[in-house]
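Computed from the coordinates by the stated procedures, all read-outs in this text should not be read as laboratory data. In this text the structure is predicted, and so the values were computed from the model without any measurement. Here Cβ is always computed from backbone atoms with ideal geometry, including for glycine, and neighbour counts include all displayed protein chains.
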Amino acid sequence: MKQSPLLENMIEALRCLPGVGRKSAQRMAYYLLERDRTGGQKLANSLAQAMVDIQHCQQCKNFTENELCVVCANPRRDHSTVCIVESPADVIAIESSGVFSGVFFVLMGHLSPLDGIGPEELGLEILEKRLVSGDVQEIIMATGSTVEGEATAHFIRDMVEPYQIPVTRIAQGVPMGGELEYLDANTLARSITERRKLDF
């Protein structure tokens with residue numbers, strides 16, 4: 001049975017979300033149209049504004065609508081300690097641990113040659129500018145413990161080596177193959193406080 005073209009477009013648009021197939025998208029669309037048109041309009045307006053106004057922080061690449069994100073703009077943070085993570089969700093996870101007072105650099109992914117993701121796609125030239133400035137005193141590698149996460153950590157460690165800046169890696173509590181955004185705050189707190197140095 002043919003549906004309204006607008007409804008069909010709405011269902012297809014909702015399918016862009018991860019893990020949302022056609023049936024889930026259809027349920028969402030019907031729910032908004034039948035029971036919550038106000039919520040649907042609010043969602044549409046919020047999405048439209050976010051897609052236009054949210055950009056990347058010029059210093060750490062996290063999401064923000066300003067030149068600098070709230071962490072980078074905070075003078076009380078320790079700007080000499082930079083924690084490198086794969087995604088904005090990892091920033092939220094580490095912040096929830098309450099033990100890290102430094103700043104971040106968000107890769108927005110990890111090295112994956114098969115997917116065409118190299119150093120340029122991760123914005124490592126922005127990180128290198130921070131290293132050249134001489135302000136960074138420690139790099140904490142908090143990439144995932146997947147094969148790609150480990151490869152990314154080693155690549156960045158080699159990049160940092162000429163600057164003689166200590167590179168540590170988050171340690172106990174992060175299981176092999178685990179992703180930071182799914183770990184509890186206590187596990188992450190232990191990982192940050194018990195980080196170890198990466199040997200060159």
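Side notes on the structure shown:
- Neighbourhood charge, 10 Å Cβ-Cβ cut-off, centred on SER87 and excluding it, Lys, Arg +1 and Asp, Glu -1: -4
- Over the chain, relative contact order from alpha-carbon pairs under 8 Å, at least 6 apart, %: 16
- Helix-derived mean residue ellipticity, 222 nm - over the chain, DSSP H n ≥ 4, -39500 (n - 2.57), to 500: -13000 deg cm²/dmol
- With coordinates expressed along the principal axes, the C-alpha atoms belonging to segment 110-171 extend over 34, 27, 14 Å, beginning with the largest.
- Straight-line reach from LYS61: taking Cα to Cα under 19 Å and skipping same-chain neighbours fewer than 8 places apart, the lysines in range are LYS129.
- In this structure, GLN137 and ILE92 have a Cβ-Cβ separation that, at R0 = 25 Å, corresponds to a calculated FRET efficiency of about 0.55.
- Size of electric dipole in segment 5-53: Cβ of Lys, Arg +1 and of Asp, Glu -1, about Cα centre, debye, nearest 20: 200
- Cβ-Cβ FRET estimate between ALA50 and ARG22, R0 fixed at 35 Å, reported to 0.05: 0.90
- Using distinct alpha-carbon pairs, which all enter the 1/r mean, Kirkwood radius of the chain in Å: 19.0
- Residues VAL147, VAL71, VAL167, VAL20 arranged by fewest to most Cβ contacts within 10 Å: VAL147, VAL20, VAL71, VAL167
- Counted over the chain, the DSSP beta bridges are approximately 30% antiparallel.
- Gain on full stretching of the segment that runs from ARG35 to MET108 - 0.36 nm per residue minus C-alpha separation: 22.7 nm
- Since only MET28, LEU7, THR38 are under comparison, the one whose Cα sits farthest along the positive direction of the charge dipole of segment 5-53, derived from C-beta charges on Lys, Arg, Asp and Glu, is MET28.
- Global form of segment 5-53, assessed from the alpha-carbon gyration tensor, a/c cut-off 1.5: oblate
- Full extension of the segment from HIS154 to ARG77, taken as 0.36 nm per residue of separation minus the current Cα-Cα distance, would add 25.1 nm.
- Relative contact order (%) - criterion: Cα under 8 Å, at least six apart; region: segment 91-193: 34
- Magnitude of the charge dipole, the chain, Cβ model with Lys/Arg +1 and Asp/Glu -1, debye to 20: 720
- Tail fraction, Cα-Cα pairs, segment 99-139, threshold 13 Å, whole percent: 61
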